[in-house]
Amino acid sequence: MVIVGAGMAGVQTAVALRDQGFTGPVTLIGAEPHQPYDRPPLSKAILLGKAEDSAFDVDFAALGIELRLGVEVTGLRAADHQIDTEAGPVPYDTLVVATGAHPVTLPGADGVPGTHLLRTLDDAVRLAPVLESGHAVVVVGAGWIGAEFATAARAAGCAVTVVEAADRPLAGALPAEVTAPMAAWYAESGAELRLHARVERVEPGRVVVSDAADPAAATEELPADAVVVGIGARPATGWLADSGAALDPSGALTADDRLRTSLPDVYAVGDCASFPSARYGTRLLVHHWDNALQGPRTVAADILGAAHQPYDPVPYFWSEQFGRFVQYAGHHAAADTLLWRGDPAEPSWSVLWLRADVPVALLAVGRPRDLAQGRRLIEQRTPVDPARAADPSVPLKAAVR
Ligand code: FAD
């Protein structure tokens, strides 16, 4: 058993194989030299100086998992059941691809001194002195990573400007009416959020932006001792270009509902793989931690011939930003109704999406009980009474019809 990628999904696959009784050899190969670690703390506790590292608490030796770290896999020859690495070919009986995602870079900004990404432990270590210096920081992108970095930078006393080309934060993730209250969180923390601000170029010490809503307007220079780019991530599958594996237009490996790829004996899991969701009637590519925890259990079960259920999770993620705990479960694209639970001007509120009165997604800000109960209703497809579900004083489970 060979697993490529020693992040959350790769490590969890190795652990799940042992948990489920696999006794053969397991080799886990990862490009990063560090002991495998968890990514969410990178933009939270580690940046805030509250934790030094986030290595997984897994005793690989005791589990009989061979770790090969600092080894990049460069190709896959499915007909030979071999992968190529810098250190030579490695044969496999079954291969699990868990190579995650690479951050999208800003054209022209790569290599400009003071420009950073935030995906790896090395990135976080490089960013720590930026925060300590309390300098002016420009964050490109008001998505999840941009918001979490801005939170840490404000806590460290940096002057923070977040530039976002869209007309609101999280434009790709949530509808306008839901993100509208979130824009205020930036100002409240002392960060400046510049919407419609398109980056023209990054130069040492400054970011030049234009007005995306008014192309005739003059460009503007924003002073920047450091620039942090958080504009999304793409599946890390470039090394599979000649493998013959089916890839989505996004670059994700196209997996089936057991997370098998189009190549024999090759699985894909985590940020690098899309899968068909019967629950939501569409193919999902989920770039969140919970998917890298759940998917490996299906992969291990299928390898051992014990997967009785297709992989069809209710996606879940959380974010910690501007002093708030934000959680989301489900997929709201096909919803027909959006209900507010509470006032978004208050510290805690939720949004529930329904389709024919059945909850399909939920966003909870500081309401973890809504999330827990709503997630269960979504999983079990339990219809609710919309009027009661819209009353924040009624527990969601008590709104069941
Ligand atoms: P990855 O964690 O990307 O691991 C893939 C590994 O494969 C990497 O170590 C990479 O070096 C290695 N690799 C890639 N290519 C090769 C190759 N060719 N050869 C060998 N090795 C290779 N999700 C949430 O739900 N909540 C959060 O709060 C949250 N916070 C986050 C904060 C940050 C800063 C980041 C970056 C992500 C966050 N996420 C969060 C997302 C979550 O961490 C990811 O969804 C999860 O890490 C995906 O796990 P993965 O194993 O699929 O991929």
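The values are calculated or read from the model by the stated rules, or taken from the named source; none is laboratory data. Treat the numbers as computed from the prediction; the structure is a model and nothing was measured. When we count neighbours, we look across all protein chains shown, and the Cβ atoms used for this are built from the backbone with ideal geometry, even at glycine. Ligands, DNA and RNA are stripped out before the accessible areas are found, and what is left, the full protein with its side chains, is counted by its heavy atoms. Shrake-Rupley method; radii C 1.70, N 1.55, O 1.52, S 1.80 Å.
Observations on the structure shown:
- Using C-alpha pairs below 8 Å separated by at least 6 residues, the relative contact order for the range 161-303 is 13 percent.
- Efficiency of FRET between Asp214 and Asp123 - r from beta-carbon atoms, R0 56 angstrom, step 0.05: 0.95
- Neighbours of Val96, meaning other residues whose beta-carbon lies under 11 angstrom from its beta-carbon, give a summed charge of -1 when Lys and Arg score +1 and Asp and Glu score -1.
- Using the rule -39500 (n - 2.57) for each DSSP H run of four or more residues, divided by the residues of the chain, the 222 nm mean residue ellipticity is -6500 deg cm²/dmol.
- Heavy atoms of Asp302 accessible to a 1.4 Å probe, total area in Å² rounded to 10: 30 Å²
- Which of Ile231, Ile83 is most accessible, then next, and so on - probe 1.4 Å: Ile231, Ile83
- Cα gyration tensor category, rounded, prolate or oblate, for the chain with a/c compared to 1.5: oblate
- Residues with amide H under 5 Å from that of Ala233, placed H, sequence gap 5 or more: Val104
- With every protein chain in place, the chain: carbon and sulfur % of accessible area (1.4 Å): 51 percent
- A 1.4 Å probe, protein heavy atoms only, puts the accessible area of Leu263 near 20 Å².
- Backbone amide hydrogens, once placed in the peptide plane, bring Ile46 within less than 5 Å of Ala51, excluding anything fewer than 5 places away on its chain.
- Dipole of the range 101-257 computed with +1 at Lys/Arg Cβ and -1 at Asp/Glu Cβ about the Cα centre; of Pro129, Leu106, Thr219, farthest Cα towards the positive end is Pro129.
- Heavy atoms of the protein chains alone define the surface here; on that basis the range 268-337 has 37 Å² accessible area per residue at 1.4 Å probe size.
- Amide H contacts of Tyr37 (H built 1.01 Å from N, in plane; Pro and chain starts excluded): Phe56 sit under 5 Å, all sequence-distant by 5 or more or on other chains.
- Karplus-derived 3J(HN,Hα) values for the range 373-384, using 6.51 cos²θ - 1.76 cosθ + 1.60 with θ = phi - 60°, are 6, x, 4, 5, 5, 5, 4, 8, 6, 8, x, 10 Hz; glycine and proline are entered as x.
- 3J(HN,Hα) from dihedral phi, the range 18-31, Karplus parametrisation 6.51/-1.76/1.60, rounded to Hz, x for glycine, proline: 5, 4, 8, x, 6, 10, x, x, 10, 10, 10, 10, x, 6
- Separation of alpha-carbon centers, the range 103-148 and the range 1-27, rounded to whole Å: 32 Å
- Across the range 207-220, coupling constants 3J(HN,Hα) worked out from phi with the 6.51/-1.76/1.60 Karplus curve, θ = phi - 60°, read 10, 9, 10, 10, 8, 5, 8, 9, x, 7, 5, 5, 6, 9 Hz, and Gly and Pro carry x.
- The chain, relative contact order [Cα under 8 Å, separation at least 6], %: 14 percent
- Environment charge of Val130, counting only residues whose C-beta is closer than 14 Å and scoring Lys/Arg +1, Asp/Glu -1: -2
- When DSSP beta bridges are restricted to pairs lying wholly in the range 115-229, around 40% turn out antiparallel.
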